[in-house]
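Below is one structure; the comments refer to it alone.
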Amino acid sequence: MIKMLLIFFKIGFLSFGGGWTTVGLIREDLISNGYMTLDIFSNAISISQMTPGPIAINLATYVGYINFGFWGALLNTIFFLIPPILILYFFRLLQNNILKMNRNILMNSLKLGTAILISMTLISFLKPLFKEFDYRVVLIALTSYFLFNKTKINPAYTILLSGFVGIILFNFL
Amino acid sequence: MFELFFSFFKISAMTLGGGYAMVPVMIKFLEKKGWMSEKEFMEILTIAQSLPGPIAFNTSRLVGEKLKGTKGAIVCSVAVIIPPFFVIIFASYLFNKFSQNIYVKYYLKGIYAAALGLIFGIVIKIFKNQKWNFLKIILLIIGVLSILFNNNFVLPVFVLMVVLNYIYENGRVKND
């Protein structure tokens, strides 16, 4: 269990720029350490999207729960949140020194870090498609991309509805 | 304090999709209660976004702190975490019972596909939302390749690339 907690502790430090950036990392780490199979990971994503709460916290809770029950869920969630809590604390302590740093350049550099992480997430999610190409997956992915980038529909609803589209497409086509 | 707890509990329980869905609800709510102006909230949001951690969690924590100090921070962040925590535990219990069902499997595959599209959209937003130069592109490629090579490199690679980019851009500004 300690290994699982450390994975989420590490990811806590990297959770810049919104939850989805770290989802790929979580996926790779969990699968390579045997805490999760591919199928269960999709479960985790859908449960996280069907329920309230930030996706990364939801994943931490879910993974902790299926592997080690209630206490696994609780500890995992706490370990994931410790780094952000600590970093804000140090940020306050060092505020004067941070002001000497160039804020814009720092932000721009952190954005580079976020770009690396989100690229990893994309690669991680493309893997199953490379293994076994399925045009129906591409079709749903393109539709959801369009809805996300061109409309203001809450992505959570797009994801929930896509499940039903999935039932229709994969069953009848 | 009680009111603060229940307000954040309610906001958290009612918004699907995490931080970005929660933010507009929170602004309206805080304004209606007269606790905070939109401008003050936006300042908090900027800090919440530039620190690590889920936006919903960071924002609630900072709003609580601004309103009631350290106690407020604890009350608000705990209130935001509780609803998703228990809903997830309940949902995973239910879900695991039915996960062998073929329709559930199709449903999950549909969700995987939608998540793929969503992530592609986020990639484009994050890439567009910053200035690129030759060094940054090189750092991006080296970073991605070394993490692909070994997953354990992710934290050192992240820090190294951010620091290198900072040093380079800082040096360039000073030379001008």
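The values are calculated or read from the model by the stated rules, or taken from the named source; none is laboratory data. Keep in mind that this is a model prediction, so the values were computed, not measured. Here the Cβ is made from the backbone with ideal geometry for all residues, glycine too, and neighbour counts use every protein chain on show. Heavy atoms of the whole protein, side chains included, go into the accessibility calculation; ligands, DNA and RNA do not. Shrake-Rupley method; radii C 1.70, N 1.55, O 1.52, S 1.80 Å.
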Subject >> Selected residue [surrounded by fewer than 13 Cβ atoms within 10 Å (Cβ to Cβ), in a helix (DSSP H, G or I), of a type outside the set (Gly, Ala, Ser) and more than 9 Å from chain B (Cβ to nearest Cβ)] from A:Phe79, A:Phe68, A:Phe90 >> reply: A:Phe90
**OP:** Only residues that are assigned to a loop (DSSP other than H, G, I, E, B) and either under 13 Å from B:Phe120 (Cα atoms) or open to solvent by 50 Å² or more (accessible area, probe 1.4 Å) (or both): list them for the stretch A:152-173, please.
**Re:** A:Lys152, A:Ile153, A:Leu173
Original post:
How many residues, within the stretch A:96-125, are free of Cβ contacts under 8 Å to residues at least 24 places away in the same chain and more than 7 Å from chain B (Cβ to nearest Cβ)?
Top reply: 8
Subject >> Members of the stretch A:9-65 found to be over 9 Å from the mean Cα position of the chain (by Cα), hydroxyl-bearing (Ser, Thr, Tyr), more than 7 Å from chain B (Cβ to nearest Cβ) and in a helix (DSSP H, G or I), listed by number >> reply: A:Ser48
Original post:
Which residue, of B:Ile147, B:Ile167, B:Ile111, is open to solvent by 70 Å² or more (accessible area, probe 1.4 Å) and outside the structural domain of B:Phe2 (by the TED database)?
Top reply: B:Ile167
Original post:
On the given criteria, is B:Lys33 free of Cβ contacts under 8 Å to residues at least 12 places away in the same chain, open to solvent by 10 Å² or more (accessible area, probe 1.4 Å) and not small (Gly, Ala, Ser)?
Top reply: no
